[in-house]
Amino acid sequence: MYVCLCLGVTTHTVQQSIDAGARTTKKVAEACGAGSVCGRCGHTIRTMIEASVADPPSRGPDRLRRRWGRPPRDRP
Amino acid sequence: MGDAAMSLVLAADYQVPDFDHWWAGLTRDVRRLPGLGAHHIVVYRSLEDPSRVFVTIGFRDRGPVDALLRSPVMFSWFDGAGVEEFPPMFVGEVVEKLDLGSPDGSAVPAATAGTVMVAAIAPVGQLEEMRDRVHAAADRIAASGVRRFWIYRAVDDQAEVMILLQIATEQQAQEWIRHPDAAAAFMSEAGEGAYPPLFVGHLVQAIEVPED
């Protein structure tokens, strides 16, 4: 899905920024540009940050694969 | 697949503070949408939350997605709905339209105002495996009330899909939400992170947009 209409930034790219440590909308904007123009995607970005804080990327790439549609290795 | 199957579809799930006002605004905006190359707009309204809508817009040509999203027309679309915060947007193309038929064997009638629909946007893992599972379970899915099963693949993530289900009754739609068929278990991923929760609603109107 596309989060930032102004720059065409996707959820995948935003999630990568969050998992790399961006924990505020400002940090996400610095990392990937999402929300840096009109800022009207801020709610979605905050939702993604909150979801990541609640479900931290302790399993790294496996979690990304699960979240973004690539089955983890331990799943059939 | 025909040309329509390859055209771009944009979808969003969002809330409008005043549906009636938005509906009037939508009618005005339709006249401007041809500039984007849209050929139809389909509006669904949630059964549980009357301010929640699910909108799909089909485009004639598959132009650059970035240009489409940042178009002033797109911004005015949300402004007209009183939407301050933009929802995440699904952009994809249809890969399958399954007509599962009616219990009596007759063809499924075209969707009309009031037709019940369930929508989901979620990661699906391997799309082809999911399609195989759906095909294998087609009879079972039909028995649960699903009449049409449409699958769209996101252009930005080959493993992300939007599913639109036309379902016979509200009760069967609610049951599907609670217990989706095992072949569509991925729908339980809807609502995680940026993904909108499962949507169950009815068709308000499918609007054909005239060409320029």
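Only the coordinates and a few stated rules stand behind these numbers; no lab work does. What you see is a predicted model; the values in this text were computed from it and never measured. With ideal geometry, Cβ positions are generated from the backbone for all residues, glycine too; neighbour counts draw on all protein chains shown.
So here's what we get for this one:
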{"quantity": "Cα shape, the protein assembly as shown, gyration tensor, a/c 1.5 rule", "calculated": "oblate"}
{"quantity": "Helical contribution to [θ] at 222 nm, DSSP H n ≥ 4, -39,500 (n - 2.57), averaged over chain B, rounded to 500", "calculated": "-7000 deg cm²/dmol"}
{"quantity": "Cβ neighbours within 10 Å from other chains - mean over B:69-80", "calculated": "2"}
{"quantity": "Kirkwood Rh in Å, taken over all unlike Cα pairs in chain B", "calculated": "17.5"}
